[in-house]
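Participant: What follows is a single structure, and I will ask about it in a moment.
The values are calculated or read from the model by the stated rules, or taken from the named source; none is laboratory data. As the structure is a prediction and not an experimental result, all values here were calculated from the model. Glycine also receives a Cβ, built like all others from the backbone with ideal geometry; neighbour counts cover every protein chain displayed. Note: accessible area is taken over every heavy atom of the protein model, side chains too, but ligands, DNA and RNA are not part of it. Shrake-Rupley method; radii C 1.70, N 1.55, O 1.52, S 1.80 Å.
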Amino acid sequence: MWRDIRLVAWKERLQTMANKEIMIGVVILPVIYGIMFPLTAPMLSPDKNPALPLLLMLVAALISSIETVYAFAGEREANTLPTLLTTRLSDSALVLGKSLFAVTLGAISYISTILIYIISYNLLARPAGSPIFIFQDNLPLLLVYLLMPMAFCLFSTSIGMLISTKIKNTKMGAGLSTLPELPFIGLVAWVIFGNPLNIPLMLSYTIIGGGLAILGIAIFLATIGMFSREKMVLR
């Protein structure tokens, strides 16, 4: 099973590397957000800026959504979907293999964003005398910045994968893939900035990250359960 998942993920990597539309987004988004955000909020150090995880979640959502739109809809447009669905690969291997690469791509993008952000902050906005490694006194917050976007990337990929199995083409998917995620970004922002439950910020991050991860896994299971090769070929 794991071997089949890796095989599908490897196929996705080769296919994505040849797709200029996806690769441009993967390269450009981290650069734009990583440089723009320190310039628009130069007085906010990344280790004191509660909006930064939201920024990383947005990057993760955009990149993973772009990738998952092409997961099955792209195969249909390239006329390779019937061949793919007649292989010995199980439904789980197809969905999880494509999802594995999408999650990996999203993770690479938001980690690149935070690295560019930190470099830009140090070069353009860091106060004199402040530490270069801004998380050295708050390593748990660094873990939040790495793990919470990862949870959202998992959630975003699960939604995109479900949509990709149901749509006819990538143009339709491009308009639908990010829409279900926007309310969740708004909800996360409300919980963090409004703090309606009056709980510590770190605990809010933990609850949100755990909830998104659980929801993402549930959607993956639902996608595998509703996977219908016959309907996908005829769609």
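Participant: Inside the range 55-76, can you point out the residues that are closer than 14 Å to residue 184 by Cβ and open to solvent by 10 Å² or more (accessible area, probe 1.4 Å)?
Facilitator: 58, 62
Participant: Right, something else. Out of all the residues in the range 60-87, which are β-branched (Val, Ile, Thr) and assigned to a helix (DSSP H, G or I)?
Facilitator: 63, 66, 68, 69, 83
Participant: Just a yes or no: is a residue in the range 102-121 open to solvent by 10 Å² or more (accessible area, probe 1.4 Å), assigned to a loop (DSSP other than H, G, I, E, B) and at pLDDT below 85?
Facilitator: Checking the range 102-121: not a single residue is open to solvent by 10 Å² or more (accessible area, probe 1.4 Å), assigned to a loop (DSSP other than H, G, I, E, B) and at pLDDT below 85.
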